[in-house]
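Asker: Structure in structure tokens, see below.
The values are calculated or read from the model by the stated rules, or taken from the named source; none is laboratory data. What you see is a predicted model; the values in this text were computed from it and never measured. Cβ sites come from the backbone with ideal geometry, for glycine too, and all protein chains shown count toward neighbours.
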Amino acid sequence: MAGAAGKKCLEKRPQDRFKTGRELSQFYYDGIEGKIEIPQAKDPEPNVIDIDPLSSAATVTTGAYLEVVSNFLTQPQRYLLQNDVTVVGRWNEGSPLQVADFAIRTGDKFISKNHCQIIKKQLSDGRLVYQLGDAAPSKNGTYYNAERNTQRLGQHIKVNLKEGDFFWIGNTKIIFHDQ
């Protein structure tokens, strides 16, 4: 059924698309839960979209970065953490001004334009520590190292991130890497 629903979404003629809102809604939730197979493009697209305009490299090779896990609404993306405070949020289509430093290009409307923050601190021994916080706070919350919508990060709580930690904003999973 998921394959047939996916083809319905791509139909050019409106009468061949979804007939009811319920049918479209079921397709949306099946996509969020990973029940829909995404067809592979004939020409393979790159696995990573570099959205940092200041980055000259096509891929991240050294330093801490965030990796957005691909889902039904979002392409895979990476962002190198260079600032002392990095605001993570949703790309605001149609606006030349972006609130977030890392503005994720997504159809996920549960991500705020200013959703959460990554704070970079240097310890006295020279090591860098990265902390996740939701100081704004975002309307839909930030969920750290837990399944989606299970344990919300408190407004004044910051957690230290280590390699492989992940967090959810909206229906989008983001993985922290520190190389």
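Asker: What pairs can you find where one residue is in the stretch 87-102 and within 19 Å of residue 65 (Cα to Cα) and in the same structural domain as residue 173 (by TED's automatic domain parsing), the other is aliphatic (A, V, I, L, M) and surrounded by fewer than 18 Cβ atoms within 10 Å (Cβ to Cβ), and their Cβ atoms are less than 6 Å apart, with a gap of 6+ or different chains?
Answerer: 89/99
Asker: Hey, another quick one. If the requirement is being modelled with pLDDT of 80 or more, touching a strand residue (DSSP E or B) at 6+ places or on another chain (Cβ under 7 Å) and in the same structural domain as residue 162 (by TED's automatic domain parsing), which of these qualifies: 69, 60?
Answerer: 69
Asker: What is the number of the single condition among (1) more than 21 Å from residue 91 (Cα to Cα); (2) surrounded by fewer than 19 Cβ atoms within 10 Å (Cβ to Cβ) that residue 153 does not meet?
Answerer: (2)
Asker: Any idea how many residues of the stretch 120-147 are in a loop (DSSP other than H, G, I, E, B) and of a type in the set (Lys, Arg)?
Answerer: 2
Asker: Report whether or not residue 157 is over 25 Å from residue 32 (Cβ atoms), β-branched (Val, Ile, Thr) and not assigned by TED's automatic domain parsing to the domain that holds residue 27.
Answerer: Judged against the criteria, residue 157 is a match.
Asker: Report, by residue number, each residue of the stretch 87-140 that is surrounded by 17 or more Cβ atoms within 10 Å (Cβ to Cβ) and farther than 18 Å from residue 170 by Cα.
Answerer: 119, 130, listed by residue number.
Asker: Okay, moving on. Among the residues of the stretch 101-150, which ones are aromatic (Phe, Trp, Tyr) and within 15 Å of the chain's Cα centre (by Cα)?
Answerer: 102, 110, 143, 144
Asker: Next question, about the same structure. For the stretch 43-52, check the following and say yes or no: at least one residue is modelled with pLDDT of 90 or more and within 27 Å of residue 136 (Cα to Cα).
Answerer: Checking the stretch 43-52: not a single residue is modelled with pLDDT of 90 or more and within 27 Å of residue 136 (Cα to Cα).
Asker: Kindly indicate whether residue 173 is part of a strand (DSSP E or B), in contact (Cβ under 8 Å) with a residue 60 or more places away in the chain and either closer than 25 Å to residue 31 by Cα or outside the structural domain of residue 67 (by TED's automatic domain parsing) (or both).
Answerer: So residue 173 passes the test.
Asker: So is residue 38 under 30 Å from residue 119 (Cα atoms) and either outside the structural domain of residue 168 (by TED's automatic domain parsing) or at pLDDT 75 or above (or both) or not?
Answerer: So residue 38 fails the test.
Asker: Continuing with this model, one more query. Using the structure shown, decide if residue 150 is assigned to a loop (DSSP other than H, G, I, E, B), under 22 Å from residue 31 (Cβ atoms) and of a type in the set (Val, Ile, Thr).
Answerer: yes
Asker: Also: Answer with yes or no whether residue 123 is in contact (Cβ under 8 Å) with a residue 12 or more places away in the chain and either in the same structural domain as residue 63 (by TED's automatic domain parsing) or β-branched (Val, Ile, Thr) (or both).
Answerer: no
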